[in-house]
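Just below is one structure, and these are the notes that go with it.
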Amino acid sequence: MNTTFGLDGQSRPRPPRIFASILLLIGLVLAAGGIRLATLGGSLYYLIAGVALITSAVMLWRSQRWGAYLYGLLTLGTILWAIVESGFDGWALAPRVLPFLVLGLLLLRPKTRRALGMSVERPLLTSPISWVAVVGLVGVCIAVAVPQPYPTLP
């Protein structure tokens with residue numbers, strides 16, 4: 001059976017353990033690379049992102065909703081970092097931001113939200129956070145689609 005029972009005695013789907021495992025692997029790789037980059041005097045972003053992904057993965061494994069919230073904060077921080085790092089160049093933003101946004105879509109599934117003890121009765125698009133995510137995703141897609149002027153030689 002694919003259900004567990006919460007403290008209130010209600011059955012809930014199992015925690016998103018496969019997703020948590022994927023986040024854990026990505027977090028370990030980012031943290032390891034981030035340590036190496038930090039020792040060379042580079043950006044601390046990758047170390048911070050790796051630690052945040054590992055923490056989020058552990059929380060999601062334990063069916064704690066704060067794991068999803070931490071992932072959302074990491075995604076927001078990644079968007080801000082990417083804009084500071086590369087400006088509004090769509091082709092530079094896409095590889096930095098889109099993987100986090102696409103993976104985050106899995107956290108919005110009703111079964112996953114139910115497993116984390118979140119309300120699924122209220123539609124997602126009534127939440128202001130969902131609208132911020134949708135506008136951000138559309139903004140990155142538009143930034144990638146708009147051609148950038150490149151200097152040409154006469």
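Grab the beta carbon distance between W66 and V146, set R0 = 35 Å, and tell me the FRET efficiency rounded to 0.05. Calculated value: 0.45.
With the cut-off at under 18 Å, measuring from each backbone N in the range 69-88 to a point 7 Å along the Cα-to-Cβ line of L44 picks out 74-75, 77-82, 84-85.
An oblate overall shape is assigned to the range 47-130, the ratio a/c of its alpha-carbon gyration tensor axes (a ≥ b ≥ c) being 1.5 or greater and a/b not exceeding b/c. FRET efficiency for the R36 to W131 pair, using the beta carbon distance and R₀ = 41 Å, is estimated at 0.60.
Read-outs throughout are calculated quantities, based only on the coordinates presented, and are distinct from any laboratory measurement. Remember, predicted model here, so these are calculated numbers, not experimental data. Neighbour counts run over all protein chains shown; Cβ positions are idealised from the backbone, glycine included.
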